[in-house]
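Engineer: Input: one structure, supplied below.
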Amino acid sequence: MPATPKAPGWTFLTNHTHVLVCLARTADLTLREVAAEVGITERAVHAIVKALEEDGVLSRTRQGQRNRYRLNRQFRLRHPLEAHRRIGELLDLVVD
């Protein structure tokens, strides 16, 4: 899987969102693969996935030697400006 080119400067979406987009596209990516796609360290991806799992945004199940991630598309966005929207709505905009 080729790495995504680094975005110049800043982007509109956070690393948390980028991780979710990767896992929405392919639910059984390794954290190393996600890190390469997002352009951050594997340790940062691990921390993001752990936080998202603790908050109920995603869950993971072990399948053989890999994890498979399931996103809670009904989870509401956290910022008050977007709290009327759900993660699934956001992912529908950015995931092919």
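This table checks each residue for (1) more than 18 Å from ASP96 (Cα to Cα); (2) exposed (fewer than 14 other Cβ atoms within 10 Å of the Cβ); (3) more than 12 Å from the chain's Cα centre (by Cα); (4) not acidic (Asp, Glu).
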position	(1), (2), (3), (4)
TRP10	yes, yes, yes, yes
THR14	yes, yes, no, yes
THR17	no, no, no, yes
LEU23	no, no, no, yes
ALA27	no, no, no, yes
ALA36	yes, no, yes, yes
VAL45	yes, no, no, yes
ILE48	yes, no, no, yes
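Engineer: Related question: Which residues, counting only those in region 58-84, are within 16 Å of CYS22 (Cβ to Cβ) and aromatic (Phe, Trp, Tyr)?
Structural biologist: Matches in region 58-84: TYR69 only.
Engineer: So which of GLU53, GLU37 is at negative phi and either in contact (Cβ under 8 Å) with a residue 24 or more places away in the chain or not in a helix (DSSP H, G or I) (or both)?
Structural biologist: That would be GLU37, the only listed residue that is at negative phi and either in contact (Cβ under 8 Å) with a residue 24 or more places away in the chain or not in a helix (DSSP H, G or I) (or both).
Engineer: Pick from ARG70, ARG43: which is in a strand (DSSP E or B) and not hydrophobic (A, V, I, L, M, F, W, C)?
Structural biologist: ARG70
Engineer: Could you pull out the residue among LEU90, LEU31 that is surrounded by 12 or more Cβ atoms within 10 Å (Cβ to Cβ), among the aliphatic types (A, V, I, L, M) and touching a strand residue (DSSP E or B) at 6+ places or on another chain (Cβ under 9 Å)? Write out each step before concluding.
Structural biologist: Details: LEU90 fails: touching a strand residue (DSSP E or B) at 6+ places or on another chain (Cβ under 9 Å).
After ruling out the rest, the residue left standing is LEU31.
Engineer: Got a sec? Which of LEU81, LEU77 is surrounded by fewer than 15 Cβ atoms within 10 Å (Cβ to Cβ), at pLDDT 95 or above and hydrophobic (A, V, I, L, M, F, W, C)?
Structural biologist: The conditions single out LEU81.
Engineer: Right, here's the next one. I need the full set of residues from region 56-77 which are without any contact (Cβ under 8 Å) to a residue 24 or more places away in the chain, within 20 Å of LEU91 (Cα to Cα) and either among the acidic types (Asp, Glu) or touching a strand residue (DSSP E or B) at 6+ places or on another chain (Cβ under 9 Å) (or both), in order please.
Structural biologist: Correct list: SER59, ARG60, ASN72, ARG73, GLN74, PHE75, ARG76, LEU77.
The values are calculated or read from the model by the stated rules, or taken from the named source; none is laboratory data. As the structure is a computational prediction, the values presented were derived from the model and not from experiment. Cβ atoms come from the backbone with ideal geometry, glycine included; neighbour counts cover every protein chain shown.
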